[in-house]
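These notes concern the structure reproduced below.
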Amino acid sequence: MSRRAKRVWFLVAPRTGLLNISGPWEVLGHANEVLGRVAYKLELVGPSGPAVPTRHGIVLGAIRSLPRTSAKLPDVAIVAGGSPLDPMPEAQARIVQWLRLHHARIPTIVSTCTGAFVLGAAGLLDGRRATTHWLHLADLQARFPAAHVVDDGIYVHDDHVWTSAGVTAGIDLTLALVEEDHGHSVAMAVAKRLVLFLRRSGNQAQFSSALRRQEKEPPMLRDISTFVVEHIDEPLPVERIAEWTGMSPRTLSRWCREHLDESPAELVRRLRIDEAQRLLEETPLPLKDITERTGLGDESTLWRAFTQRLGITPAEYRQRFA
């Protein structure tokens, strides 16, 4: 672990969200305090200075203009949000041009939220996995088809490029950077100082993706879901569900694949996990009772189901959402 201070530039364009800047800034500032030294030298840099208005009216001062030369480039460049509009605003386009010229000499490049559109325009996402706020995932993929846009995590690390999902996910990403630089105990100390309910891992899903799926569910699914939930603690093979719906098992499987992009067994498993989430949120039941009530078998199965789908354990889920 190096004791050399890293230069961190926050690349800020007008009308970016304040939390895209302040969240990661606070993480690195608290890391300096935990370590008892300046491990991160933080600067605000933008296409113009000395002040930039943020999205909801707060004006940031002490903005240094992007340098014209490549002398003294940062160790870490954080693109703190951005506009997903096409064409992008002129000020943001100037950040894109600057990154195209200098990115090869910057060891770590980060985007928070829609800052991924800046990285994409600069060609930094080509051939890489990346993410952004769930509202703009499809737009990011359409604009930059050479990127591999994913929605299965709140931040993504591919080579020296890091991208985060919406707003607060920038905090989780920056904590991961601190852990990479200074170890787990320092990152956890910073998380405690920030009074985070849970330090989220990068593979935790954006929970809003479940809402998007529910919006698209056809009416017939409500009836099937009701039947499954009413018998959630019982064995639910595809034959039993098919008999109840009046379909053959093959027809039901085809219908689920066509409308839900999952098998009947995957549907049942998803609803079992949904019910387990509800019980963790609303009751003090021990995990053993929850597995029995949801038909998930045993505690190890419950643990695997949560870590695979949500990226956190049942205990961590209860701690945060109860």
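The values are calculated or read from the model by the stated rules, or taken from the named source; none is laboratory data. None of these values were measured; they are calculated from a predicted model. Glycine gets a Cβ as well: all are built from the backbone with ideal geometry, and neighbour counts include every protein chain shown.
Laid out as a table, the results:
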{"quantity": "Leading residue by the ranking (modelled with the highest pLDDT) among those in region 132-173 that are touching a Leu at 6+ places or on another chain (Cβ under 6 Å), assigned to a loop (DSSP other than H, G, I, E, B) and of a type in the set (Val, Ile, Thr)", "calculated": "Thr132"}
{"quantity": "Lone unmet requirement of (1) in contact with a Gly (Cβ under 8 Å, 6 or more places away or on another chain); (2) part of a helix (DSSP H, G or I); (3) among the charged types (D, E, K, R) for Asp274", "calculated": "(1)"}
{"quantity": "Where Ser22 falls short, out of the listed (1) assigned to a loop (DSSP other than H, G, I, E, B); (2) under 24 Å from Leu194 (Cα atoms); (3) of a type in the set (Ser, Thr, Tyr)", "calculated": "(1)"}
{"quantity": "Exclusive hit being part of a helix (DSSP H, G or I) and β-branched (Val, Ile, Thr), set Val45, Val38, Val34", "calculated": "Val34"}
{"quantity": "Among the candidates Val34, Val110, Val52, Val45, residue that is closer than 23 Å to Leu140 by Cβ and either of a type in the set (Gly, Ala, Ser) or surrounded by 13 or more Cβ atoms within 10 Å (Cβ to Cβ) (or both)", "calculated": "Val110"}
{"quantity": "Output for region 1-49, where each listed residue is among the hydroxyl-bearing types (Ser, Thr, Tyr) and over 21 Å from the mean Cα position of the chain (by Cα)", "calculated": "Ser2, Tyr40, Ser48"}
{"quantity": "Some residue of region 216-234 being under 30 Å from Leu135 (Cα atoms), modelled with pLDDT under 95 and touching a Cys at 6+ places or on another chain (Cβ under 8 Å)", "calculated": "no"}
{"quantity": "Filter result for the condition that a residue is small (Gly, Ala, Ser), surrounded by fewer than 16 Cβ atoms within 10 Å (Cβ to Cβ), under 19 Å from Cys113 (Cβ atoms) and modelled with pLDDT under 95, over Gly82, Gly57", "calculated": "Gly57"}
{"quantity": "Residue match in region 93-105 (condition: buried (at least 19 other Cβ atoms within 10 Å of the Cβ), more than 25 Å from Pro53 (Cα to Cα) and without any contact (Cβ under 8 Å) to a residue 40 or more places away in the chain)", "calculated": "no"}
